[in-house]
Amino acid sequence: MQSWVARVVSVTLAVLFAVLAGALAGCSTGDDAVAQGGTFEFVAPGGKTDIFYDPPQSRGRPGTLAGPLLTDPSKTISLDDFAGEVVVVNVWGQWCGPCRAEITQLQEVHNATKDKGVAFLGIDVRDNNRDAAVDFVKDRNVTFPSIYDPPMRTMIAFGGKYPTTVIPSTVVLDRQHRVAAVFLRELLAEDLEPLIERLLAEPAEPGEPAVSKEQRP
């Protein structure tokens with residue numbers, strides 16, 4: 001009797017382990033590295049903090065990137081709102097010391113490039129106090145929009161390997177919204193300006209939408 005029970009328990013455990021192993025395998029496939037709905041796969045060769053993706057044909061696109069507007073959660077803002085523009089996506093939080101200095105530098109570049117076909121989009125993360133985050137941008141006269149995303153759900157757009165523990169970080173997209181560069185550190189205006197000018201100078205590709213001010217939120 002005992003041997004029969006032991007065999008039943010053994011078989012049951014084997015089935016359970018097989019199911020569990022299958023589930024874990026399903027969560028760790030190579031697809032996790034690729035952006036959900038996109039083609040971008042984050043790679044940081046040698047642990048670099050400044051990563052550039054060239055030539056343009058080799059660049060991947062993020063997945064769907066959209067969420068509630070920080071200053072008005074009843075509205076949704078999306079990467080698609082900036083069709084045909086170079087887009088600087090900055091991941092920040094008002095609790096983050098380096099973000100406080102960096103955001104004024106980003107605003108400086110935004111002021112200088114917004115009429116050239118360049119847009120800035122922030123993603124405010126790990127801020128459970130939305131009012132504090134709103135005060136943060138208002139006190140610093142930040143005029144570019146941010147997605148309000150405390151749980152960082154939008155970051156899946158950049159794939160499962162994007163280092164979400166690094167705050168601030170910045171992703172720069174070319175006019176076709178392909179990832180041209182990733183910075184895993186605090187930026188100065190002088191870090192962004194040459195890259196933006198280079199992306200603006202890249203030849204337009206067939207079917208690339210023209211940029212008009214009316215397209216911007």
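Things worth noting here:
- Test: residue in region 167-186 that is free of Cβ contacts under 8 Å to residues at least 40 places away in the same chain and farther than 23 Å from Gln57 by Cα: no
- Flag for Pro62 being surrounded by fewer than 16 Cβ atoms within 10 Å (Cβ to Cβ) and either at pLDDT 95 or above or within 24 Å of Arg198 (Cβ to Cβ) (or both): no
- If only residues of region 118-162 that are under 24 Å from Glu108 (Cβ atoms) and among the polar types (S, T, N, Q) are counted, the one that is farthest from the chain's Cα centre (by Cα) is Asn141.
- Test: residue in region 203-216 that is in a helix (DSSP H, G or I), surrounded by 13 or more Cβ atoms within 10 Å (Cβ to Cβ), modelled with pLDDT under 95 and more than 20 Å from the chain's Cα centre (by Cα): yes
- Verdict on Val118 being touching a residue at least 40 places away in the same chain (Cβ under 8 Å) and of a type in the set (A, V, I, L, M): yes
- Considering only residues in region 68-123 that are within 30 Å of Pro203 (Cα to Cα) and among the aromatic types (Phe, Trp, Tyr), the one that is surrounded by the most Cβ atoms within 10 Å (Cβ to Cβ) turns out to be Phe120.
- On the stretch given as region 121-136, residues that are of a type in the set (D, E, K, R) and in contact with a helix residue (DSSP H, G or I) (Cβ under 7 Å, 6 or more places away or on another chain) total 2.
- Qualifying residue in region 175-191 (condition: hydrophobic (A, V, I, L, M, F, W, C), in a helix (DSSP H, G or I) and either at positive phi or surrounded by 15 or more Cβ atoms within 10 Å (Cβ to Cβ) (or both)): yes
The values are calculated or read from the model by the stated rules, or taken from the named source; none is laboratory data. Quantities reported herein were computed from a predicted structural model and do not represent experimental measurements. We place every Cβ from the backbone using ideal geometry, glycine too, and count neighbours over all the protein chains shown.
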